[in-house]
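See structure below.
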Amino acid sequence: MDPRSFSGAADRPEGRPVQERTTSRALVVGPYRRLRRGSVDLASNNNHAIRNPQARLDEATGLARAIDLVVVETLIAPLSEIRPATYLGTGKVKEILGLIKAHEVELVVMDCALSPIQQRNLEKEWNVKVLDRTGLILEIFGRRAKTREGALQVELAHLIYQRSRLVRSWTHLERQRGGFGFMGGPGETQIEADRRMIGERITRIESDLKKVQATRRLHRAGRQRVPYRVVALVGYTNAGKSTLFNRLTRADVQAADMLFATLDPTLRALKLPHGGKAMISDTVGFISDLPTMLVAAFRATLEEVIEADVILHVRDISHEDAEAQERDVDQVLRQLNIDTDFGHRLIEVWNKIDRFSPEERENLARIAARRPPERPCFLVSAETGEGVDALLEAIEERLAATRITLDLRVDATDGAGISWIHRNAEVLDKHLDKNHFDMVIRVDETKRDIAIARFGAVPREQGN
């Protein structure tokens with residue numbers, strides 16, 4: 001494989017000073033279990049779908065390039081069993097050592113979760129730095145987080161990960177500091193001091209995050225007083241969530257063909273077809289085997305999903321592992337204690353249909369039409385805008401399910417009253433009858449009594 005450099009300029013957040021980094025030559029290894037039909041991958045947290053090994057390796061390669069590594073070679077290493085000491089078998093360890101020397105590799109990326117002992121032993125065998133999947137994702141998150149909240153969440157996850165790695169036999173971790181008093185004694189070892197310092201920093205970050213969460217709750221409470229309905233976007237990383245977000249809101253959130261292009265949550269106003277408004281939230285993308293500490297750290301960010309009235313599950317339907325990615329998203333949501341059976345809240349969005357031929361689109365449309373009414377899906381292209389209008393109609397219909405339709409008459413000269421109606425309700429129908437406007441409006445339950453008392457509004461019976 002020819003070395004391919006990756007320019008990090010596209011995914012470097014604006015406003016952040018450019019830091020010169022030495023680009024390392026990397027080898028990406030996919031140590032995947034050999035699976036018999038009907039079995040599950042015990043080396044992975046994903047027990048619901050057997051992913052394509054090449055697709056898994058391509059994803060790991062994309063993650064490596066996302067932190068400016070030059071991937072000079074990739075290798076799938078089939079495993080019959082996981083070795084406690086080195087994860088890989090002895091023969092495969094020697095084979096990879098040959099590749100390291102041949103390609104002058106400086107860093108090996110292992111697309112799996114290594115124990116601290118396994119990582120240390122592999123570094124000794126290969127005499128290069130070894131990075132596992134968890135460390136790789138943490139590195140990407142550390143570079144992409146832009147807000148203070150995002151930086152705190154990533155640092156917390158990184159410290160939890162780092163604390164478990166303080167078993168290395170580095171020289172500075174074996175030194176001892178002098179004790180206090182006159183009795184001497186062994187004093188405090190460097191590893192104990194490092195552990196203590198990490199623990200203290202974790203405590204401070206957790207305290208800061210509690211303040212951030214309290215502020216977020218205040219903002220959410222303010223939106224509920226208005227009240228604005230909330231639509232949340234979830235999905236696998238690089239499924240096109242940010243592109244769809246920009247299409248729906250005409251915003252300018254960073255969207256790129258890369259893994260984890262955006263991390264921090266973004267809220268914008270969403271205009272609905274009949275004049276109503278909602279808030280839409282773009283959240284961090286998910287990925288298979290997302291590190292547990294990252295799931296916990298980003299729980300505050302994903303509270304927008306927990307509280308959302310409508311959840312759009314955006315899927316890259318053109319991806320060869322689309323079904324497996326869907327199950328990965330469901331798995332992470334379950335880890336957040338979010339019921340994946342969202343009922344009326346969930347709408348699936350099959351994105352990137354512009355990559356299919358007309359015949360393939362027709363086939364997808366037939367598959368979508370056979371879906372149960374409670375789990376609908378919409379075919380869209382966030383890039384071209386195809387299907388977005390139908391999606392907006394569906395969002396509005398879901399949001400309207402918990403709203404009340406009223407008939408009312410308002411004097412044409414009542415400017416303040418008409419203004420209140422347009423600010424607080426969706427006007428479904430309106431026509432002038434002499435000196436009055438006859439209107440059909442849809443309001444939230446919190447506004448119903450005001451409309452009835454002020455305008456003599458009459459609730460419309462269902463079906464009318």
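Calculated FRET efficiency, residue 453 and residue 370, Cβ-Cβ r, R0 60 Å, to nearest 0.05?
Efficiency, from the Cβ-Cβ distance: 0.80.
May I ask you to give the percent of accessible area on region 300-458 that is carbon plus sulfur, with a probe radius of 1.4 Å?
Exposed carbon and sulfur together represent 47 percent of the surface.
Pairs 211/277; 94/129; 241/352: which are spaced more than 19 Å apart, C-alpha to C-alpha?
Cα-Cα > 19 Å for 211/277; rest within.
Give me the accessible area per residue for region 305-464, probe 1.4 Å, as a whole number in Å².
52
Please list the non-local residues whose amide H lies under 5 Å from the amide H of residue 270, H modeled 1.01 Å from N, same-chain partners needing a gap of 5 or more.
Under 5 Å from the amide H of residue 270: 278, 279, 280.
Please identify every one of the trypsin sites (Lys or Arg not before Pro) in region 339-421 that sits in a loop by DSSP and has no more than 13 other beta carbons within 10 Å of its own beta carbon.
Loop-located and lightly packed - 370.
When ranked by the protection proxy of mean other Cβ atoms within 10 Å per residue, highest first, what sequence do the peptides 196-208, 67-79, 279-291 form?
279-291, 67-79, 196-208
Roughly how many Å² is the accessible area per residue of region 83-157, as a whole number, for a 1.4 Å probe?
Per residue, region 83-157 has 41 Å² of solvent-accessible surface.
At 1.4 Å probe size, put 452, 311 in order of accessible surface, largest to smallest.
Sorted descending by solvent-accessible area, the residues read 452, 311.
Trypsin sites (Lys or Arg not before Pro), restricted to region 414-451: which are DSSP loop and have at most 13 other Cβ atoms within 10 Å?
Answer in residue order: 434.
Under the Karplus relation 6.51 cos²θ - 1.76 cosθ + 1.60, θ = phi - 60°, what is the ordered set of whole-Hz ³J(HN,Hα) values for region 139-151, x standing for Gly and Pro?
5, 5, 4, x, 7, 9, 5, 10, 7, 4, 4, x, 5
Kirkwood Rh over Cα pairs of region 384-464 into Stokes-Einstein at 20 °C, 1.002 mPa s: D in µm²/s?
In µm²/s, the coefficient is 157.
At 1.4 Å probe size, put 120, 460 in order of accessible surface, largest to smallest.
The ranking, largest first, comes out as 460, 120.
The values are calculated or read from the model by the stated rules, or taken from the named source; none is laboratory data. Because the structure is a prediction, the values reported are computed rather than measured. Every residue, glycine among them, receives a Cβ derived from its backbone with ideal geometry; neighbour counts consider all protein chains shown. The protein model used for the area step is the full one, side chains on, heavy atoms only, and it has no ligands, DNA or RNA in it. Shrake-Rupley method; radii C 1.70, N 1.55, O 1.52, S 1.80 Å.
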